[in-house]
Amino acid sequence: MGSSLPPKEANLFKVIVKSYETKQYKKGLKAADSILKKFPEHGETLSMKGLTLNCMDRKSEAYELVRRGLKNDLKSHVCWHVYGLLYRSDREYREAIKCYRNALRIDPDNIEILRDLSLLQAQMRDLSGFVETRQQLLSLKPNHRMNWIGFAVAHHLNSNSSKAIEVLEAYEGTLEDDYPPDNERYEHSEMLLYKISLFEECGMLDRALEEMQKKESKIVDKLSFKEQMASILFKLGRFDESESIYRSLLFMNPDNYKYFIAVQKCLGLYSDNGQYSANDVERLSALYNSLKEKYAWSSAVKRIPLDFLEGEKFQEAADSYVRPLLTKGVPSLFSDLSPLYEHPGKANILEQLFLKIEDSIRTSGCFPGSPQKEPPSTLLWTLFLISQHYDRRGQYEIALNKIDEAISHTPTVIDLYSVKGKISQHAGNFAAAAALADEARSMDLADRYLNSECVMQMLQADQVGLAEKTAVLFTKDGDLGRALKNFLAVEKHYADMTEDQFDFHSYCLRKMTLRAYVSMLKFQDRLHAHEYFHKAAAGAIRCYMKLHESPTKSSTEENDEMSKLPPAQRKKLRQKQKKAEARAKREAEEKQEDETSSSNTSKSGKKQNARPVDLDPHGEKLVQIEDPLAEATKYLKLLQNNSSSSLETHILSFELNMRKQKILLAFQAVKQLIKLDENNPDSHRCLIKFFHKINSLPTPGTDSEKLIWNVLEAERPDIRKLHGKSLIEVSRSFLEKHNASLMHRVAAAEMMHLLEPDKKMEAIKLIEDSTNNASSGNNVLGPVNEWQIQDCIDVHKLLETVFGDQDIANRWKTRCAEYFPYSTYFEGVKSAITAYVVDHNLENSPENGIALNPQLKSNKGEAGTLNGTVHIVDDLSSLSIR
């Protein structure tokens, strides 16, 4: 490194390297310039100068210098290593790996390059290469603990746990008997626990237990030791010993649900589906009664029995569970109880219990059968709970009445407005939901969750402008952008999470947090399976498909249109465009200067906290893409790799590949849909649409078309629904099977209209003849209908677009207004009555919130006020939002 230089310059080259490592970039540049004055074409110095400039955010100069240095000295491992570091800083990991491999051809035993290569291989999950590199590092420096551990972890990640155990045992063989010293006890303990987890993973339970008993004195994490010991004993069938340890763990933490479930499993009293025999319920009840005596303060020991108890015993247990929480005022009580609504009959028992408690508190101020007076807030939280209960059951009018009474009781509780907003949203009154969410937000301007909830409600109410201004209060960039821009921004967040693991590849091996490291890597491998990523990727795909169907005008087309204008108008328009571009550029530069001046500059010369200005905040350049479907395919592949069990993934695959004329890929999506859920309305739609499209294609002419046709003919018999039936018969069979379901009838009607266009009115009649039956269950205060508001909205849009009959759509809207009287979409009779509204004057907002204006203009006259901020209006259509 710098060996071709004279001694003085060689020492200066060492200064450059040290300055880079210590982040003294200005000092390193000065040393590099001194060398380059005498040796302007010295490759390694040029490369190091480029690497230093890269750290000072001068990337274009950096790449130019590094490439020039490499060109001048192709046989220098330093130049190749630096080139790899440059690519690594820009997350071009595959290119960086190529550069490192070139460097290793020149200097195959370079420890630093091998270490850097191993980090990238772990990041890119090149596991076989990772094993090879870690083995080479171990052979070069066998006295280094990190190399042994890294080699073992590499084998584990490469699905060779037994080899990982061998490596760890070989490493232990190099240690003294009195190892570890006091300052390394934790690291050694973690290595032992990791080794034991490998034994357990390999099914070598006896050896795992023997290792734990032998090395117990050297393991300092006693909690993990006990948990792992109990787990191994359970797997060995030694249930009594395992139960004893889990009971000791309960003594340490009696609110840990996992310990309770583990005790149940040890006693043979656990069921994955939650179904228990009468004898099991009796034994479970006795178990938890004994535990309750021992851990009376535990919440878990009171809550878990609600899952398996039935009838009167369930009511008694639920009563004793909710009373102290209502007295204390726990807003999350309903969320805690909501899983019980999936159990048949329990929702009705809870309803009777809640109403009994409410009546007793109203009449006597006490809980039923209790002489102790409750504080006034108990009634408030009881009403709060009951309103959520009726919201869950779809009885929105009762829910709104209860929450209104709670608000009248104590108008200053934020949760009341949030819940009323959600009830209004579920009832279809999106404008009222947005206003209530904003009222809740304004009561605590520092709460990010309330801000986000308000933004979502505003967007659903189509108040996009207000939503943007509200979101800005908690965003750094100051601009929300457009749909595609934001969908891609979500994807970038997930990409950043993936990048964040990079630093842990060396840190975790050094600190020996091996179990947490492997767990983190497994989490990262399934990161893109998260539901939020799925939503964002699906939204981006739909945006790209829409761009394909309705492409924006290209600059060429705009120039063609401009050429058709008269010269005077053309000149005027160009001047306006130039002014607009200059203004946008000037604003961007000013913003960047402000951020630069406000940010600190370190002594090294690198600007701190400076963010590049987004020159395309609205995503206008994104929509100018040449091939939207190709971009959509990138996100579809991520969904197929990570969310293959989702129907939406394969629906998107079908729609996208049909647009791309990829017949076999579309057919593959149809097969996956049928495999996942052949009775789903969308699966039926895709099946019928696909074969209807195939039947309408001309006779195959080319060899590839004939091949596709042969594949389809060979695969068609495997689809059970098509056996010996025409598409019309398949659709009729689907309708007969699901005649009572609205959305299945709608899918059958839509396919009838596709297959038999002359039977449009018959198809519409299928939809109109659907019956909104009462859902099963014995509700105390009347029946609840089955239809969901969003399904009915979708049907209305279908009647307007696919069937193209506005009169029929209006008739459907009138009908749904009766079922959803609070719906603003269907203009129900109660949709414009009594909404809590705030004035959205965002112009004079304080830094962390919105300044509320106590005045509101309404055509219905003056409105009452609540603390100067909340207003009740009788007609939302007359509301003036300023």
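Tabulated data for the structure shown
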{"quantity": "Residues that are under 18 Å from Y171 (Cβ atoms) and not charged (D, E, K, R), drawn from region 209-230", "calculated": "I219"}
{"quantity": "Per-region count, region 206-221, residues out of contact with any Leu (no Cβ under 8 Å at 6 or more places or on another chain) and free of Cβ contacts under 8 Å to residues at least 24 places away in the same chain", "calculated": "7"}
{"quantity": "Of residues in region 828-846 being out of contact with any helix residue (DSSP H, G or I) (no Cβ under 6 Å at 6 or more places or on another chain) and more than 22 Å from A467 (Cβ to Cβ), the one modelled with the lowest pLDDT", "calculated": "T834"}
{"quantity": "Single match in K356, K328 (criterion: without any contact (Cβ under 8 Å) to a residue 12 or more places away in the chain, over 25 Å from L284 (Cβ atoms), open to solvent by 30 Å² or more (accessible area, probe 1.4 Å) and charged (D, E, K, R))", "calculated": "K328"}
{"quantity": "Residue among T498, T475 that alone is assigned to a loop (DSSP other than H, G, I, E, B), over 30 Å from M658 (Cα atoms) and polar (S, T, N, Q)", "calculated": "T475"}
{"quantity": "Every residue from region 349-374 that is of a type outside the set (A, V, I, L, M, F, W, C), farther than 26 Å from S338 by Cβ and not in a loop (DSSP other than H, G, I, E, B)", "calculated": "T363, S364, K373"}
{"quantity": "Whichever residue in region 384-400 is not small (G, A, S) and not in a helix (DSSP H, G or I) and, among such residues, is farthest from the chain's Cα centre (by Cα)", "calculated": "Q395"}
{"quantity": "Top-ranked residue of region 679-709 - restricted to ones that are among the β-branched types (V, I, T) and part of a helix (DSSP H, G or I), ranked as most open to solvent (accessible area, probe 1.4 Å)", "calculated": "I708"}
{"quantity": "Helices (runs of 4 or more DSSP H) wholly inside region 128-233 containing at least 1 residues that are open to solvent by 50 Å² or more (accessible area, probe 1.4 Å) and of a type in the set (F, W, Y)", "calculated": "185-201"}
{"quantity": "Residue within region 434-447 that is part of a loop (DSSP other than H, G, I, E, B), closer than 24 Å to E827 by Cα and touching a residue at least 40 places away in the same chain (Cβ under 8 Å) present", "calculated": "no"}
{"quantity": "Which listed residue is assigned to a helix (DSSP H, G or I) and in contact (Cβ under 8 Å) with a residue 60 or more places away in the chain, from L53, L46, L29", "calculated": "L29"}
{"quantity": "Candidates L712, L656, L727, L676 - the one that is hydrophobic (A, V, I, L, M, F, W, C) and open to solvent by 50 Å² or more (accessible area, probe 1.4 Å)", "calculated": "L676"}
{"quantity": "Checklist (1) more than 19 Å from Y87 (Cα to Cα); (2) crowded, with 17+ Cβ neighbours inside 10 Å; (3) under 47 Å from the mean Cα position of the chain (by Cα) applied to L12, failing item", "calculated": "(3)"}
{"quantity": "Region 43-68, residues that are of a type in the set (A, V, I, L, M) and within 39 Å of the chain's Cα centre (by Cα)", "calculated": "L51, L53, M56, A62"}
{"quantity": "Residue in region 375-383 that is open to solvent by 30 Å² or more (accessible area, probe 1.4 Å), in contact with a strand residue (DSSP E or B) (Cβ under 7 Å, 6 or more places away or on another chain) and either assigned to a helix (DSSP H, G or I) or of a type in the set (D, E) (or both) present", "calculated": "no"}
{"quantity": "Only listed residue being modelled with pLDDT under 90, surrounded by 12 or more Cβ atoms within 10 Å (Cβ to Cβ) and farther than 30 Å from L51 by Cβ, chosen from A610, A669, A584, A630", "calculated": "A584"}
{"quantity": "In region 408-431, the residues that are open to solvent by 30 Å² or more (accessible area, probe 1.4 Å), outside any helix (DSSP H, G or I) and of a type outside the set (S, T, Y)", "calculated": "P411"}
{"quantity": "Odd one out for A437 among (1) open to solvent by less than 30 Å² (accessible area, probe 1.4 Å); (2) within 27 Å of Q788 (Cβ to Cβ); (3) out of contact with any helix residue (DSSP H, G or I) (no Cβ under 6 Å at 6 or more places or on another chain)", "calculated": "(3)"}
{"quantity": "Complete set of residues in region 57-105 that are outside any helix (DSSP H, G or I), open to solvent by 60 Å² or more (accessible area, probe 1.4 Å) and acidic (D, E)", "calculated": "D57, E92"}
{"quantity": "Residue within region 328-345 that is in a helix (DSSP H, G or I), modelled with pLDDT of 95 or more and over 29 Å from the mean Cα position of the chain (by Cα) present", "calculated": "yes"}
{"quantity": "Condition check for E405: in a helix (DSSP H, G or I), touching a Leu at 6+ places or on another chain (Cβ under 9 Å) and open to solvent by 40 Å² or more (accessible area, probe 1.4 Å)", "calculated": "yes"}
{"quantity": "Pair list, Cβ < 7 Å and 6+ apart or interchain, from region 803-827 residues that are in contact (Cβ under 8 Å) with a residue 12 or more places away in the chain and under 17 Å from E397 (Cβ atoms) to residues that are of a type in the set (K, R) and not in a helix (DSSP H, G or I)", "calculated": "P821/K830; Y822/K830"}
{"quantity": "In region 98-129, the residues that are free of Cβ contacts under 8 Å to residues at least 60 places away in the same chain, of a type outside the set (A, V, I, L, M, F, W, C) and under 18 Å from K522 (Cβ atoms)", "calculated": "Q121, D126"}
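Conditions tested, residue by residue: (1) modelled with pLDDT of 95 or more; (2) among the hydrophobic types (A, V, I, L, M, F, W, C); (3) closer than 25 Å to Q135 by Cβ; (4) out of contact with any Leu (no Cβ under 9 Å at 6 or more places or on another chain).
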| residue | (1), (2), (3), (4) |
| --- | --- |
| S76 | no, no, no, no |
| W80 | yes, yes, yes, no |
| R91 | no, no, no, yes |
| A96 | yes, yes, yes, no |
| A103 | yes, yes, yes, no |
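For (1) modelled with pLDDT under 95; (2) surrounded by 12 or more Cβ atoms within 10 Å (Cβ to Cβ); (3) over 21 Å from P339 (Cα atoms), each residue gets a yes or a no:
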position: L250; (1), (2), (3): no, yes, yes
position: Y259; (1), (2), (3): no, yes, no
position: Y276; (1), (2), (3): yes, yes, no
position: L284; (1), (2), (3): no, yes, no
position: L287; (1), (2), (3): no, yes, yes
position: V301; (1), (2), (3): no, yes, no
position: E310; (1), (2), (3): yes, yes, no
position: A318; (1), (2), (3): no, yes, no
position: Y321; (1), (2), (3): no, yes, no
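The values are calculated or read from the model by the stated rules, or taken from the named source; none is laboratory data. In this text the structure is predicted, and so the values were computed from the model without any measurement. FYI the Cβ positions are ideal-geometry reconstructions off the backbone, even for glycines, and counts take in every protein chain you see. When the accessible area is computed, the model is the full protein with side chains, heavy atoms only, and any ligands, DNA or RNA have been set aside. Shrake-Rupley method; radii C 1.70, N 1.55, O 1.52, S 1.80 Å.
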